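Rule-based calculations on the coordinates, nothing more; no lab input. All values reported here derive from a predicted model rather than from experimental measurement. Here the Cβ is made from the backbone with ideal geometry for all residues, glycine too, and neighbour counts use every protein chain on show.
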Amino acid sequence: MRKPNRHSHFSVRNINGTSNNKCKCSSWLAHWRNYAGSQRIYCAVVPCRSPAIVGAHVQIDRRSGFHWWIGPSCKQQNNRSNIDPAYIGRRAVLVSVNVVYTCKRQDWNWQGP
């Protein structure tokens, strides 16, 4: 497998200091699963194969705007500095952190497990 880079993968940076942010879902990983429609069990950071146990707040490098996204992550990758880029596959699904578009939409009726 070739080394991940900005051309073959999304380059993302962890957003530090977001642990107090909340949404209607039971956790940010649940938020990601609810909206992405996926039950991914592994961290999205390449080449990590650890179990995804948190929803990591990330920002995609070289994109316009200041949008924040949620992706499945292990604790180690989620604790990564926001200075060091991480790479995730381009097929990985990222979900908006903006709850207006997800769990606080008028038509959203997720009741949770």
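Some values worked out for this structure:
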| quantity | calculated |
| --- | --- |
| P(r) tail fraction, the chain - alpha-carbon pairs more than 18 Å apart, % | 47 percent |
| Count of Lys pairs (Cα-Cα under 25 Å; at least 8 positions apart or interchain) in the chain | 5 |
| Sequence-distant residues sharing a close amide H with Tyr42 (under 5 Å, placed H) | Ala52 |
| Per-residue HN-Hα couplings for region 30-43 [Karplus 6.51, -1.76, 1.60; θ = phi - 60°; Hz; x = Gly/Pro] | 5, 4, 4, 4, 4, 8, 7, x, 10, 10, 3, 10, 10, 4 |
| Estimated dipole of the chain in Debye, rounded to 20 [Cβ of Lys and Arg +1, of Asp and Glu -1, Cα centre] | 260 debye |
| Karplus-derived HN-Hα couplings along region 8-13 (A = 6.51, B = -1.76, C = 1.60, θ = phi - 60°), whole Hz, x at Gly and Pro | 9, 9, 7, 8, 10, 10 |
| Residue (of Cys25, Ile83, Val54) at the positive-pole extreme of the chain, dipole from beta-carbon charges | Ile83 |
| Full-extension gain in nm, Asn20 to Ser96, via 0.36 nm per residue minus C-alpha separation | 25.7 nm |
